[in-house]
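Participant: Provided herewith is a single structure, encoded as structure tokens, for subsequent inquiry.
The values are calculated or read from the model by the stated rules, or taken from the named source; none is laboratory data. Because the structure is a prediction, the values reported are computed rather than measured. Neighbour counts run over all protein chains shown; Cβ positions are idealised from the backbone, glycine included. Note: areas computed on protein heavy atoms with side chains; ligands, DNA, RNA excluded. Shrake-Rupley method; radii C 1.70, N 1.55, O 1.52, S 1.80 Å.
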Amino acid sequence: MLTTMGLFSGKVGLIMGVANDRSIAWAIAEALHREGAELAYTHLPGPSNERRVRRLVEAHQPKVFLPCDVQSDDDIANVFSAIEDQYGQLDLVVHAVAFAPPAELRNPYVETTRQGWHVAMDISAYSLVAVSRAARGLMESGGSILTISYFGAEKVMPGYNVMGVCKAALEHSVRYLAWDLGPKNIRVNAISAGPVRTLSSAGIAGFDEMQRHAAQKSPLRRNVDLHELASTAVFLLSEMSSGITGEILHVDCGYNIVGL
């Protein structure tokens, strides 16, 4: 695990997408906290979601811990208003938010419903736009925004269905946001993570086969782990990557370079 002794001391970050201790967002949050970052957290609305996430993050003693439905502009505004009131600044955002109705993941892509499409795109892709717009006003000294993608954005991964199209939209949003926010010295990047078992991946048909195939075919002959994703996030969120923006960085043990 990368450690650089207080790399984020004095920095304020927002973590969106922690669901449990196997979340990519949580692995990143732990790495940022070890490096000295002060972290704010959002959680899905509802008492059970709040309890589950609170148990994880309470050791970090967050001063901002709020529900956020990313389909609600009011919820997003409330989160960023609380961060402004508490800190007056924001340096880092980790956007690890994605959702599609279960039926849309089970069904072939050609059977995607109009309503399912709108929900999946709104939560999985548009939310990055809404969050970045809200964040820019608190990043007066620049900042870094990071989201999470998957190779299904680039190639057909059977079973990934509408989420693959959402991730494609997310990845191109990264590029356009990087262009728009670059003059404010705000960088926007994405990690294209290899298949890791999370709460979200549990809803993907054939996910176990995806993992087996990736381990067999990747140059490193294994799957990526959460610590490797977290270390890459530390790099992309820090000044170590100050010249990098609009990039989709594959962290998948090399699987993306293999054609057969």
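Participant: Within the range 173-184, identify whether any single residue is assigned to a helix (DSSP H, G or I), small (G, A, S) and in contact with a Ser or Thr (Cβ under 7 Å, 6 or more places away or on another chain), and answer yes or no.
Facilitator: Taking the range 173-184 and keeping what is assigned to a helix (DSSP H, G or I), we get 173-184.
Remaining after also requiring small (G, A, S): 173, 178, 182.
If we keep only those that are in contact with a Ser or Thr (Cβ under 7 Å, 6 or more places away or on another chain) as well, we get 178, 182.
Yes, because at least one residue in the range 173-184 is assigned to a helix (DSSP H, G or I), small (G, A, S) and in contact with a Ser or Thr (Cβ under 7 Å, 6 or more places away or on another chain).
Participant: Restricting attention to the range 52-81, which residues are out of contact with any Ser or Thr (no Cβ under 9 Å at 6 or more places or on another chain), of a type in the set (A, V, I, L, M) and either within 15 Å of L138 (Cβ to Cβ) or at pLDDT below 95 (or both)?
Facilitator: A59, A77 - these are the residues of the range 52-81 that are out of contact with any Ser or Thr (no Cβ under 9 Å at 6 or more places or on another chain), of a type in the set (A, V, I, L, M) and either within 15 Å of L138 (Cβ to Cβ) or at pLDDT below 95 (or both).
Participant: In the range 97-135, what residues are farther than 16 Å from A77 by Cα and open to solvent by 70 Å² or more (accessible area, probe 1.4 Å)?
Facilitator: Hits for the range 97-135 are F99, P102, R106, Y109, V110, E111, R114, Q115, W117, H118.
Participant: For residues that are assigned to a helix (DSSP H, G or I) and touching a strand residue (DSSP E or B) at 6+ places or on another chain (Cβ under 7 Å), scanning just the range 136-152, find the one that is surrounded by the most Cβ atoms within 10 Å (Cβ to Cβ).
Facilitator: Kept after step one, since they are assigned to a helix (DSSP H, G or I), are these residues of the range 136-152: 136, 151-152.
From the residues that got through so far, the ones that are touching a strand residue (DSSP E or B) at 6+ places or on another chain (Cβ under 7 Å) too are 136, 151.
Numbers: R136: 18, F151: 21.
Applying the filter and picking the extreme gives F151.
Participant: Sticking with this structure for a sec: Being farther than 21 Å from I148 by Cα, touching a helix residue (DSSP H, G or I) at 6+ places or on another chain (Cβ under 9 Å) and not in a helix (DSSP H, G or I) narrows it down to one of Q89, Q71, so name that one.
Facilitator: Working: Q71 fails: farther than 21 Å from I148 by Cα.
Exactly one residue qualifies, and that residue is Q89.
Participant: Right, next: Going through P47, P62 one at a time, which residue ends up being of a type outside the set (A, V, I, L, M, F, W, C) and in contact with a strand residue (DSSP E or B) (Cβ under 7 Å, 6 or more places away or on another chain)?
Facilitator: Details: P47 fails: in contact with a strand residue (DSSP E or B) (Cβ under 7 Å, 6 or more places away or on another chain).
Being of a type outside the set (A, V, I, L, M, F, W, C) and in contact with a strand residue (DSSP E or B) (Cβ under 7 Å, 6 or more places away or on another chain) holds for just one of P47, P62, which is P62.
Participant: Looking at I191, I244 in this structure, which one is surrounded by fewer than 19 Cβ atoms within 10 Å (Cβ to Cβ) and hydrophobic (A, V, I, L, M, F, W, C)?
Facilitator: On the way: I191 fails: surrounded by fewer than 19 Cβ atoms within 10 Å (Cβ to Cβ).
Selected residue: I244, the only one of I191, I244 that is surrounded by fewer than 19 Cβ atoms within 10 Å (Cβ to Cβ) and hydrophobic (A, V, I, L, M, F, W, C).
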